[in-house]
Each structure stands twice: as C-alpha cells, then as structure tokens.
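Working notes for the structure below.
The values are calculated or read from the model by the stated rules, or taken from the named source; none is laboratory data. Because the structure is a prediction, the values reported are computed rather than measured. Heads up, the Cβs are rebuilt from the backbone with ideal geometry, glycines too, and the neighbour counts pull from every protein chain shown.
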C-alpha cells in the first residue's frame, strides 16, 4: 500500500450517504476536483430523499421496519462501492455523515487510511431548533448519543468556523485540536455577475432560499410592513420551506402589496432575479444555528455582485467587514432592516462599493477553488497526522 507523497496527487475517497444535491457537498466536491494535485473517487449511496424525509424519520419514522430496510440497503451498497474503490490517501465523509462515520472509520482504518468528517451542522442542534427534540424527546436523546459517538470516530473534524467548532467541541467534549475549518461558499459557475442591471421601475429587495425558523423571516415581513408606504420599494421572495405558509399568511393578513412570493422558479429565472436585485437579503434569526454560520445565500448574493444585508454576529464579522463588504444589522429587528434598506436605496454609491468589495472577498476565500484549497489543506493535515 503506497503512502501519500507530495510528488503525486492527493487521492480522496468522498464517502457516505450524504445528500448529493446539497450545496455544501457539491461545492466541496467541485472545489477538490478543481485542484490539479487532487484526485477524487466518489463512494456514495442514497439514503435520504430530502429534508422532509429526514424530518419524517426523526419524527418517529425510524421506528418502522421500512426505514431500516432502507438503511441496510444503503450501507450494503456503500460496502460494495468501497470494495471496488481504488487505493486512496484519506477518506472524506460528506454531510450529513455523523452516522456514516462508524462504517467509514472501520473501512478506512482497515486500509490504514485516516478519516475526515465534514460536520457542517450539528444534527442534534438542527433537530432542537426545529422542535423535533421537544416533540419527540426519546428521538432527541438518541440523536444526541449517536452524534456524540459518531463525532469520536473520525481522525479529523471539519467545521465551518471556530465558533461552530467550539460549540460542538464543548457540547460533545471533543479536543479542539481535532478540528479544522472550511467556510461556506458559492459555486461561481452558477452564481456570478450577469449583464442584467436592476431596473428603474422599483427598488428590488430579494430573498431566496428556505423558509426556516433560523432565517428570521418575520423581520423581513416586519420591514416590508414598515416600508409599505415608501414608493417603489418591493420585496421578492423565492423558494419554499416549513415556515412559508405562515409567512405568506402573515403578509396577507397585513395586506402587503409590496411583497411578491414567487415560489420555486427555474435556475435561470432565479439568477436573473438576483442579478436585478438592488439588495439581496441574508439571515436575521437569533438561533444558535443562525448565528454560528455565514449562510450560503450571503455568499451567493456576493457572488452575483450584489450588496447583501444580513444579521450581525461575531461569526459573520470574522468573515466580512461591516459597511465595506456586507451591511450588517441587529438581528430580528424589522426597524433596523427597514432603515438599512432606505439608506441603501438612497445611496447607490454605497451599494456599489459594498457589492464590489464583497464580491472580491468571495472570490478570494469562498469560491469553489478557494473552498477546494482549504479542504485539501484540512485533508493533508489528517494524512500528516497519521503519518506522524
């Protein structure tokens, strides 16, 4: 079995039942594949059918025999795929992979190779913030115990940033030196400036993504209500999620004629709409999950060359400079959001400065190649640690 040498590409086995269509996995894979000195072999089996499926299983579906048949089938497929996999230097388990880490450790260590897990998010924290642990306490305790055990399996853990990594380390009593950090980003082959410009018919404020409790959608609706009498300010919403029905009812109850819900649209229509936005919105929730991350939608807005307004936190301040690369406001404050939008509406030069500087920061640290370089460094740390 040949050990890694810097004279040849780093061979990576991208492993697990991870969500293949999820943004994080796509960006990390593309980022690694963009590195000339990295070779990636994909070892994947589908287990989850989407977020609704995961919520359904966490809400009690895991007790049914049909779920366990799915699990056994997926892991049998993973075993077969791994047997056929060529030799590699390091295994990287994609998100969500806390439960895959048990099998991943056994298989990789059986070949004498280290294992790295891209945590991205704490599964227990996500379940907690969506009310699943309160509604199903036994399931909540099971998720906690499985995640705690799963996070002890890999040789190295990748988190988005030190704040989130510190929370996970404290929660599960893990040593800080086991963590490396690779931020969120956006795929520049999809999200990039387009030749379209914001139209003159109105001031467009655009939100895109999931309607989640952590995203602070009430603050956006509150700001829209405050600005209902401001001529030409309109809010455009794209996407769906568990909070959408409630948010739509709230907007209808307030009779907000300055709000339009577009739902899911084609990728080209969404990208054209983002390109024509005077301002893109980030996240304004106050949950731990909201404050521990710089969400994809922030980087996607900056990748499009548009100014982004988002909720303030130490995490986002560590990644972006307020009023230079992003416009930060108090979280869950409709008043602060409304004031920020009026200032940006009335100061086109400020909008363009923030957009240009934010786009430059994105390209340097959060584009696909930049994410690939940072993940490669984390994987090399695991290889070096094993060799030492």
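Here are a few things to note about the model shown:
- Filter result for residue 290 (crowded, with 17+ Cβ neighbours inside 10 Å, under 22 Å from residue 224 (Cα atoms) and modelled with pLDDT under 95): yes
- Spans of strands (runs of 3 or more DSSP E) in region 247-366 with at least 3 residues over 17 Å from the mean Cα position of the chain (by Cα): 259-263, 327-329
Residues checked against (1) at pLDDT 95 or above; (2) in the same structural domain as residue 219 (by TED's automatic domain parsing); (3) closer than 24 Å to residue 296 by Cβ; (4) surrounded by 14 or more Cβ atoms within 10 Å (Cβ to Cβ):
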| residue | (1), (2), (3), (4) |
| --- | --- |
| 333 | yes, yes, yes, yes |
| 345 | yes, yes, no, yes |
| 351 | yes, yes, yes, yes |
| 360 | yes, yes, yes, no |
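- Number of residues in region 8-24 that are over 16 Å from residue 371 (Cα atoms) and assigned to a loop (DSSP other than H, G, I, E, B): the value is 7.
- Some residue of region 274-283 being more than 23 Å from residue 247 (Cβ to Cβ), crowded, with 17+ Cβ neighbours inside 10 Å and either at pLDDT 95 or above or not assigned by TED's automatic domain parsing to the domain that holds residue 130 (or both): yes
- Just one of the numbered conditions (1) assigned to a loop (DSSP other than H, G, I, E, B); (2) at pLDDT 95 or above; (3) in contact with a helix residue (DSSP H, G or I) (Cβ under 6 Å, 6 or more places away or on another chain) is not true of residue 32: (1).
- Residue among 105, 70, 113 that is touching a residue at least 12 places away in the same chain (Cβ under 8 Å), out of contact with any strand residue (DSSP E or B) (no Cβ under 7 Å at 6 or more places or on another chain) and either surrounded by 15 or more Cβ atoms within 10 Å (Cβ to Cβ) or not in a helix (DSSP H, G or I) (or both): 70
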